[in-house]
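Below is one structure, written out as structure tokens, with a few remarks after it.
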Amino acid sequence: MIDLSPRKSVAVRTALLFALIALAVCGARAQDWVRTGTNLGVSKIRIAAADFKAASADPQAGGLKSAFDQTLYNDLRYAGIFDVVSKSMIPTSTPGTPQEINMAEWSGAPSNAGYVAFGALTASGGHLAVQGFLYNTAQGQQNPQVLGKQYGGEATVDSSRQIAHRFADEIIQQLGGIAGIAETKIYFVSNRTGTKEIWAMDYDGMNERQLTHLGTVSLSPHVSPDNSRVAFSSLGKNGWSIRMYSLDLGRLMAFPAAGGTTLSPAWSSDGTKLAFSSSREGDPDIYVSDASGNGARRLTAFRGPDVSPAWNPKTNAQLAWVSGRTKLPQIYIMDSDGANVTRMTDGGYAISPSWSPSGQFLTFAWDRKYGPGAPGGYDIYVMDIASKRWTQLTHDSGANDFPSWSPDSRHIVFQREQNGHSEIWMMLADGTDQQQLTHGGGSNTMPNWSWK
Amino acid sequence: MKISNRTSLVMAVSLAAMLTVAGCHKKNPAPPPPPAPPATAPTPMATITAEPSSITPGGSATLTWKTTDATNVSIEGLGTVATAGTQTVTPTQTTSYHLIAQGDGGTADATATVTVTSAPPPPAPITETGIDENAFESAVKPVFFDYDSYDVRPDAQSTISSDANFLNQHPNLKVVIGGYCDQRGSTEYNLALGENRANAAKQALVSAGVSPDRLRTVSYGKEKQFCTDQTEACWQQNRRAQFTLDQ
């Protein structure tokens, strides 16, 4: 019955093989172009983080050590470029120095680590000292030490966490090629005090602190590239205006109010300009001013809402924004003088653009099937600007909005509303590894990732 | 706290406005002497200046003009005037005062422009009695909008007409027009859309004869809701332009 000649059989097999390869390539592509464009790479480095050795008998050391261990482990896990050996698979030994480590224990099963981070932590007299090492576990190397670092600070849990972030960023820089995000901050809006105020936290959701106490509605925080100021919009007696909070001074700074509904400030990456939406001339349009709010000039002139500008941080020569000129809001891009307007989304309800640090991608919130009667269930998307091809990052998990790129391009922070309640989440830029950063205490919304 | 701040602001601004107006009146000189009749019918000459040339809404400027050899002098918008003189004007928008001097020897003209800057007008104290917030809101009804739209619907025209009628009968009332959106959609986009809704209601009232100086817009987007159910009936309640007393 099966009477294929050898030649025919080979031909069929070859065709089948090609079909399989084509299928595999197509299936992988949707993720790969995002992963390669966002420094995530295609394979992950296997790394283990040993529990650090407590090298002093100071009673404080225990709490400081557990904060340090947990923070270092999470930073490596969140980095997006590591396959971190789980705590249950690492050896129970806690080598404090290179002399104390048995490398075979870490390179062999079940840990199978290519690299191991370890070290010691000493607390005495209110001072905390940390020695951190990163070793390559491969056999027979001339110099297995990749990093050897010393850190000092106050003997507090927060200081211990900050040192772990610094050590993690050194490891990420060394093995991942670009600066990590473990020391970055996220600015956001929380109504946990009863009114929407501007808050800040570390990128991992720890160390939350309230910045503004205006008692009205404050929205859309955007930190300056030098981390000195936070621009946001706030409702006052005469409507919405941009306010400026100095992180250096810990208070509001003077900023001109030009009238009209003025909203959604966005910093250029050189810190010299702000883009925002304002109705000072009657209709909400996109404007650009200098960083002090002076010299504003209008870029758009269509009737209808124009809001939520985002600079191309690579060049500062282009802006993305949201326009309702064709009814439902869509994402557009234009040159920073208002020329070359290009529509990017082809329908639905598309909002909240954020431009990737490389200039290659936009991320935004999109409901592709939005319509009357359909409650807003948005997902986060990434679009390659040159080709306009896009991929969906969130699926069937509440209404997602306000994505903001991390400075390493590898992460996106966003808000997720489920059951009428919003929290801040982060994920890798390919949509994997979604982590909730805030936990209750009102609704937490509109996250903005610091530039460094 | 808020009310006392607002009240003191209103009083301070009103006081400043009164002082400004009083200052201008003092500067008005006596009417000029009548011009000498022309002897040989030379060509008329005319000049007009405005001081200051730029004012904020509600402020005033003094026009000063001189002509020679003219028998009939008029300023567009003010009518026939003396051949030389001064007059205080309070334009609500940037206005060019065009002076035409006609004489036996021909015609001359000159123009002075008073620029009205876009700073918000100083709020005037509410002087109407018997109209509180509740009475106002039962007389001046909100305007409702379609989903993702800021066009005033045909069925809202009668509301606009009766609102405008009431406001025209109470010319001292100042109004805040709040633009509201339902809870679907983006926070930032809805604030811009709410601004468009408030502005559309403002334009409709202006078209119905209400002075734009009395109307101020504030967008609330989806930050303040009249109704919080997840139904179309509720969403419709939230898609509105709401009128409140500006005080």
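The values are calculated or read from the model by the stated rules, or taken from the named source; none is laboratory data. Note that the structure is predicted; figures quoted are calculated from it, not measured. Neighbour counts run over all protein chains shown; Cβ positions are idealised from the backbone, glycine included. Heavy atoms of the whole protein, side chains included, go into the accessibility calculation; ligands, DNA and RNA do not. Shrake-Rupley method; radii C 1.70, N 1.55, O 1.52, S 1.80 Å.
Data overview
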| quantity | calculated |
| --- | --- |
| Point-charge dipole on Cβ atoms (K/R +1, D/E -1) for chain A, about Cα centre, debye to 20 | 920 |
| Where A meets B: accessible area buried, both sides, 1.4 Å probe, Å² | 2800 |
| Karplus 3J(HN,Hα) series, Hz, for the range A:326-338 with 6.51 cos²θ - 1.76 cosθ + 1.60 (x for Gly, Pro) | 10, 6, 4, x, 10, 8, 10, 10, 8, 5, 6, 9, x |
| Carbon plus sulfur fraction of accessible area for the range A:227-316, probe 1.4 Å, in percent | 48 |
| Delta accessible area of at least 20 Å² on complex formation, residues of the range A:385-417, 1.4 Å probe, chain isolated as reference | A:F402 |
| Apportionment of accessible area to carbon and sulfur, the range B:133-245, percent (1.4 Å) | 47 |
| Backbone HN-Hα couplings from phi across the range A:246-253 [Karplus 6.51/-1.76/1.60, Hz, Gly and Pro as x] | 8, 6, 6, 8, x, 7, 5, 10 |
| Heavy-atom surface of the range A:45-176, accessible at 1.4 Å and reported per residue (Å²) | 42 |
| Those residues of the range B:154-195 for which accessible area with every protein chain present is at least 30 Å² below the isolated value (1.4 Å probe) | B:R184, B:G185, B:S186, B:T187, B:E188, B:Y189, B:L191, B:A192, B:E195 |
| Built amide H within the under 5 Å cut-off of A:H127, gap 5+ | A:A155 |
| Heavy-atom accessible surface of the range A:324-395: percent carbon and sulfur, 1.4 Å | 49 |
| Nearby lysines by direct alpha-carbon distance to A:K237 (threshold 30 angstrom, same-chain neighbours under 8 apart not counted) | A:K196, A:K273, A:K327, B:K2, B:K141, B:K174, B:K202, B:K222, B:K224 |
| Long-range amide H partners of A:L299 with built H, under 5 Å | A:I286, A:Y287, A:V288 |
| Loop trypsin sites (Lys or Arg not before Pro), the range A:61-143 (other Cβ atoms within 10 Å of the site Cβ: 14 or fewer; DSSP) | A:K87 |
| Residue-normalised accessible area of the range B:133-245, expressed per residue, 1.4 Å probe, Å² | 36 |
| Vicinal HN-Hα couplings computed from phi for the range B:89-99 (Karplus, 6.51 cos²θ - 1.76 cosθ + 1.60; Hz; Gly/Pro x) | 10, 10, x, 8, 9, 3, 10, 9, 9, 9, 9 |
| Shielded by partner chains, the range A:280-307 residues - at least 20 Å² of accessible area, 1.4 Å probe, vs chain alone | A:G282, A:P284, A:R303, A:P305, A:V307 |
| CD proxy at 222 nm, helix term only [per DSSP H run n ≥ 4: -39500 (n - 2.57); per residue of the protein assembly as shown; nearest 500] | -7000 deg cm²/dmol |
| Bridge type composition, the range B:135-247 - antiparallel percent by DSSP, nearest 5 | 55 |
